[in-house]
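None of the figures in this text is laboratory data; all of them are computed from the coordinates on show. Just so you know, these numbers come straight off a predicted model, no measurement behind them. Cβ placement follows ideal geometry from the backbone for every residue including glycine, while neighbour counts extend to all protein chains displayed.
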Amino acid sequence: MRTKPIALAALLIAVLALSVSAFAAAPKSATLVVRHQVRGCHAWSLNGGPYVAHQVVRVARGGSLTVTNNDLMAQELVKTGGQAMTMNLVRQSHMGSMPMGMPKGMAMGKAGPYTMSHMGATLAVIFPRAGTYRFKLVDRGDYVEVETKGADNELTLNVVVS
Ligand SMILES: [Cu+2]
């Protein structure tokens, strides 16, 4: 049987679609930066984008997300859904020599070992499995008294790993 031109066209479209999806593969890494602001106290930016309260991040399986805390308070990234992944504090060396001492409101009993507890503290999260992961950022206490306007933002994050 002779292949009809329409079938060839469909095949061509399928091949094109495949190559397009290959180009659109999830990136190997992403970067979030947390900053302090008067309204809402804090917000975060994905890969240099706008500062907002909720972020959706896409990374490839085995990829990593780096979170840097430039807020005026300690912050802890807490997982609220999804499979196991690994966290590592990659910049926490100022911990012992932090001039302002431990954050005033920081409850060490509550704060986990991966709390980013100084300005510039950076956390690396690695996602070995595909799926959707949910996180929230939990305020673990100000380094100094901070005045803000309005209710504090609740920072939330979905990471889609494919
Ligand atoms: Cu803040």
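A compact table of results
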{"item": "Calculated FRET efficiency for the pair Val146/Thr31, C-beta based, R₀ 30 Å, to 0.05", "result": "0.80"}
{"item": "J(HN,Hα) series, the range 60-76, from Karplus relation 6.51 cos²θ - 1.76 cosθ + 1.60, nearest Hz, glycine and proline x", "result": "6, 4, x, x, 10, 10, 10, 10, 10, 9, 9, 6, 8, 8, 5, 9, 10"}
{"item": "Formal net charge of residues neighbouring Ile126 (Cβ-Cβ distance under 14 Å; K, R +1; D, E -1)", "result": "+4"}
{"item": "Long-range HN-HN contacts of Arg58 with modeled amide H, under 5 Å", "result": "Val160"}
{"item": "Values of log10 I(q)/I(0), in the order q = 0.16, 0.21 Å⁻¹, for the range 26-161 under a Debye, Cα-only, solvent-free model", "result": "-0.78, -1.29"}
{"item": "Cα-projected label distance for Ser162 with Ala124, points at 7 Å along beta-carbon direction, nm", "result": "2.6 nm"}
{"item": "Segments 124-134, 46-56, 152-162 sorted - mean Cβ within 10 Å per residue, highest first", "result": "152-162, 124-134, 46-56"}
{"item": "Paramagnetic reach from Ala24 in the range 58-86 [backbone N under 18 Å; point 7 Å along Cα→Cβ]", "result": "58-61"}
